[in-house]
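What follows is a single structure, written as structure tokens, with notes after it.
The values are calculated or read from the model by the stated rules, or taken from the named source; none is laboratory data. Computed from a prediction, not measured in an experiment: that's the story for all the values here. All Cβ positions, glycine included, derive from the backbone under ideal geometry; neighbour counts span all protein chains shown.
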Amino acid sequence: MITALIIDDEENNTALLDYFIGKYCPEITKTIIVNSIEEAWKQYAEVSRQINLIFIDIELNNGNSGFDFLNTIDCESVQIIFVTAYDEYAIRAFKYNAVDYLVKPLNIEDLQLAVKNACKRIEKGVKQQLNQLLQDAEWKRMFKPSKFIAVASTNKIEILAKDDIVHIRSDGKYTTFYTLTGKYESSRNIGEYEQLLLNDELFIRVHHSHIVNLNFVKQINKDAGWTCLMEGDFLITVSRRKQDELTKALHLKG
């Protein structure tokens with residue numbers, strides 16, 4: 001079952017795309033339609049785990065863009081198809097791991113092909129997640145999950161003590177761990193590590209590119225946007241959607 005989020009500020013466009021999907025793309029079983037970036041943030045925050053695919057326009061209302069929305073989510077965890085009247089953004093669009101870039105007016109065959117390719121990616125991702133779960137289960141059997149995490153690169157696996165991790169940063173498809181003794185790079189994306197740390201009260205994802213260890217937060221700066229000053233004087237941006245969660249987590253910590 002595939003759930004698609006459609007983001008476009010013109011209701012006629014969303015209605016037409018929804019009709020085409022219903023008629024020509026049976027792989028998609030549910031669509032959620034929003035007509036502003038504010039609605040998109042709200043819907044995604046509520047049902048992000050259900051959404052497999054996003055259809056998104058480039059230029060939205062009130063001077064916002066589809067890129068503004070994508071900058072706030074983990075683009076590795078969802079498939080993205082751009083649907084826009086502007087062809088000049090194509091190169092930038094594919095930096096967001098896009099499946100396809102469709103230019104209006106829509107061609108039905110192009111839409112069907114884009115959806116099929118998205119489905120292949122989704123299916124592949126599910127298989128990879130299953131394999132990863134099996135690997136993680138093996139690591140949990142070997143190491144106490146409350147104390148260690150396995151950081152896999154292309155040619156080795158580092159076993160890091162969680163208490164030593166200051167923060168974790170996303171570098172595209174790769175992840176960098178900053179610890180008290182140095183930094184370590186992994187060939188896995190940050191979303192996979194977030195899943196491993198979900199039940200650990202030490203860590204919180206404050207931005208689509210950053211996970212921080214609450215024990216090493218030295219200061220919260222609310223001027224000119226929220227930032228965390230971490231041990232080692234690393235400055236981490238806190239996304240607007242994560243500010244309340246961070247405040248509550250720090251309160252619990254204290």
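For region 52-68, residues that are surrounded by fewer than 21 Cβ atoms within 10 Å (Cβ to Cβ) and either more than 22 Å from ILE21 (Cα to Cα) or under 13 Å from the mean Cα position of the chain (by Cα) (or both) total 7.
Quick one: which residue in LEU102, LEU113 is in the same structural domain as ASP18 (by TED's automatic domain parsing) and buried (at least 16 other Cβ atoms within 10 Å of the Cβ)? Explain how you work it out, then say what you get.
On the way: LEU113 fails: buried (at least 16 other Cβ atoms within 10 Å of the Cβ).
Criteria check complete, one pass: LEU102.
Kindly indicate whether THR179 is in contact with a strand residue (DSSP E or B) (Cβ under 8 Å, 6 or more places away or on another chain), surrounded by 14 or more Cβ atoms within 10 Å (Cβ to Cβ), within 27 Å of ARG49 (Cα to Cα) and among the β-branched types (Val, Ile, Thr). Here the answer is no, as THR179 does not meet what is asked. When region 84-99 is filtered for residues that are β-branched (Val, Ile, Thr), under 28 Å from GLU192 (Cα atoms) and either surrounded by 19 or more Cβ atoms within 10 Å (Cβ to Cβ) or outside the structural domain of THR31 (by TED's automatic domain parsing) (or both), only VAL99 remains.
Taking region 19-35, which residues are in a helix (DSSP H, G or I) and surrounded by 18 or more Cβ atoms within 10 Å (Cβ to Cβ)? Quick ask: steps written out before the conclusion?
Filtering region 19-35 for residues in a helix (DSSP H, G or I) gives 19-24.
Scanning region 19-35 gives a single hit, ILE21.
Candidates in region 206-239 are the residues that are under 16 Å from the mean Cα position of the chain (by Cα) and without any contact (Cβ under 8 Å) to a residue 40 or more places away in the chain; of these, the one that is surrounded by the fewest Cβ atoms within 10 Å (Cβ to Cβ) is THR237.
The set of residues in region 240-254 that are at pLDDT 85 or above and either among the polar types (S, T, N, Q) or exposed (fewer than 13 other Cβ atoms within 10 Å of the Cβ) (or both) comprises ARG240, GLN243, ASP244, THR247, LYS248.
For the condition within 21 Å of the chain's Cα centre (by Cα), modelled with pLDDT of 90 or more and not assigned by TED's automatic domain parsing to the domain that holds TYR24, ILE159 does not qualify. Would you check if there is a residue in region 136-156 being surrounded by 15 or more Cβ atoms within 10 Å (Cβ to Cβ), in a helix (DSSP H, G or I) and at pLDDT below 85? Yes - at least one qualifying residue is present in region 136-156.
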